[in-house]
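Taking it in order: structure first as structure tokens, then the write-up.
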Amino acid sequence: MKRHLVYLRALIIFGLVFYFGTSYGQLPCKVLVGYYQSSWGTNIRLKDVNSNYNVICLSFLEANGGDGNSLNNVVDNLSFYARQNSLLIADIPVVQAEGRKVLMSIGGANGSFKLNSAADVTTFVDKVKAVIQTYKVDGIDIDLEQNIYLKQSGTISNPSAHIANLITGLQQLLDWYQATYSKKMILTMVPETAYVTGGLSQYQTDAYGVAYLPIIEALRDDLDLLMVQLYNAGENIGLDGVTYTNGNADYIISQTEAIIKGFTCKSSRGTYSGLPASKVVVTLPAESGSAGSGYVTPAVAKSAINYLLGVSAKPGTYTLQTVGGYPDLRGMATWSINNDYDGGHTFAANYATIFSCVTTGIEQTETIEAMTLFPNPAQQQITIENNRTSQNETRLQIVSMIGEVWYQQELTEQKTTVDVSTFPKGLYLVKIGEATQKLVIQ
């Protein structure tokens, strides 16, 4: 019987590894995605980015020709510039060794472009391949913006040629990456709201052409994260037919549910079938100056996301159509890491109070009975009471979510006080033997 249990345990672990390897595509179970200003802004090196950011997008691989006019971009000019290029190249493997993923974000407000022909597709694919090989990133993020490059007159199932060409190019890159590196290329997208949930509005459907929806539908199996920009968006309609203005909990909740559940677009553009919550990320500005509109305080963001997760009451007037919410909601994203750094890591700290992974393999790691931990969240110091009786379970460790050991000692007394004032803000695990509890440092 014991041997059979060993075999069964191995099969379960193999199944979980297979499941998370295929469904989650190398990514952590919950994500904090941040955009790192590689081409400008040198207030922080990549290796020093807050440890809660476990997916980092380098900004941007741009098609800007350098003439200062972002409206005449062509794919031939697609290139990546980093102000501290040698330091960036040195730092990328450092953060990857910590288990974090680094992506190349393509486009941005000033660097977007349009693929008008098969020749443009070839140019796009070749240039992206070269950048991936040079910087050895784990995948790409699509941040194409501006109507001149995106608006289309086709439908979701039969899009205009330049949208179809982009889909073709991304499929070619996915195939090449798999063949070259024997693993899936991480693919994320960060569209503006009008090109996604704008499909619920007659005006926005006609004005913006629901341009991202054909891309999302065509690549839904390969798409790892969808991070719709819930800012700089003005007004959008929810599934309840009510119009919501960005910058509050109702807007975050209504638009996120529409992204997950899907909807039928206006102007006979077709049906968007939605995405699993495990692929959807709530994307907000890091600071009030990070966007022209749509910033919300950490408290508002937390109330909205907790309601989406199904762990708190609704904070506004919008009522979720799915009872119990979406516990699999994947995480948060922000523009930008640099702004959050200047603001004291407020966004990263807020993420840490909302999302965490408390299981590894098939066993629960949080055992509250084994220890008492207070205060939590903490700022200066914590007190830990060891309730274990075993002589072999007296080693205390405090580790970050990426495995960095910030404190360790052998416990000689039941109650221990630890100074955590110098720890970076974020989520940690406090361990005594096999017992583990989460600790938030603010």
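The values are calculated or read from the model by the stated rules, or taken from the named source; none is laboratory data. The shown structure was predicted, so the numbers you read here are calculated from the model rather than taken from an experiment. Cβ atoms come from the backbone with ideal geometry, glycine included; neighbour counts cover every protein chain shown.
Please state which one of V94, V131 is within 17 Å of S59 (Cα to Cα), part of a helix (DSSP H, G or I) and in contact with a Leu (Cβ under 9 Å, 6 or more places away or on another chain).
None of the other options fit; the residue is V131.
How many residues, within the range 210-235, are over 18 Å from the mean Cα position of the chain (by Cα) and either surrounded by fewer than 23 Cβ atoms within 10 Å (Cβ to Cβ) or touching a residue at least 60 places away in the same chain (Cβ under 8 Å) (or both)? Show your work before the answer.
Here is the first cut: in the range 210-235, the residues over 18 Å from the mean Cα position of the chain (by Cα) are 210-211, 213-215, 217-218, 232-235.
Filter once more, keeping what is either surrounded by fewer than 23 Cβ atoms within 10 Å (Cβ to Cβ) or touching a residue at least 60 places away in the same chain (Cβ under 8 Å) (or both): 210-211, 214-215, 217-218, 232-235.
Adding up the residues that qualify gives 10.
What number of residues within the range 171-185 are part of a helix (DSSP H, G or I) and in contact (Cβ under 8 Å) with a residue 12 or more places away in the chain?
The qualifying residues number 6.
Per-residue answers, yes or no, for (1) surrounded by fewer than 23 Cβ atoms within 10 Å (Cβ to Cβ); (2) under 17 Å from Y318 (Cα atoms):
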| residue | (1), (2) |
| --- | --- |
| L239 | yes, yes |
| V242 | yes, yes |
| A249 | no, yes |
| S278 | yes, no |
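Mind checking which pairs have a first residue in the range 36-57 that is of a type in the set (F, W, Y) and a second that is buried (at least 16 other Cβ atoms within 10 Å of the Cβ) and in a strand (DSSP E or B), Cβ under 6 Å, 6 or more apart or different chains?
Y36/I56; Y36/L58; Y53/L32; Y53/G34
Return a yes/no flag: does the range 326-334 have any residue that is in a loop (DSSP other than H, G, I, E, B), surrounded by fewer than 19 Cβ atoms within 10 Å (Cβ to Cβ) and modelled with pLDDT under 95.
Checking the range 326-334: at least one residue is in a loop (DSSP other than H, G, I, E, B), surrounded by fewer than 19 Cβ atoms within 10 Å (Cβ to Cβ) and modelled with pLDDT under 95.
Table: residues versus (1) part of a strand (DSSP E or B); (2) in contact with a helix residue (DSSP H, G or I) (Cβ under 7 Å, 6 or more places away or on another chain).
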site	(1), (2)
Y35	yes, yes
N43	no, yes
D76	no, yes
A90	no, no
S105	yes, no
D126	no, no
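Which residues, counting only those in the range 139-167, are closer than 22 Å to W40 by Cα and either in contact with a helix residue (DSSP H, G or I) (Cβ under 9 Å, 6 or more places away or on another chain) or acidic (D, E) (or both)? Spell out the reasoning first.
So in the range 139-167, the residues closer than 22 Å to W40 by Cα come out as 139-146.
Listed by number, the residues that qualify are G139, I140, D141, I142, D143, L144, E145.
If we scan the range 161-173, do we find a residue that is crowded, with 18+ Cβ neighbours inside 10 Å and closer than 19 Å to Q26 by Cα?
Within the range 161-173, one or more residues are crowded, with 18+ Cβ neighbours inside 10 Å and closer than 19 Å to Q26 by Cα.
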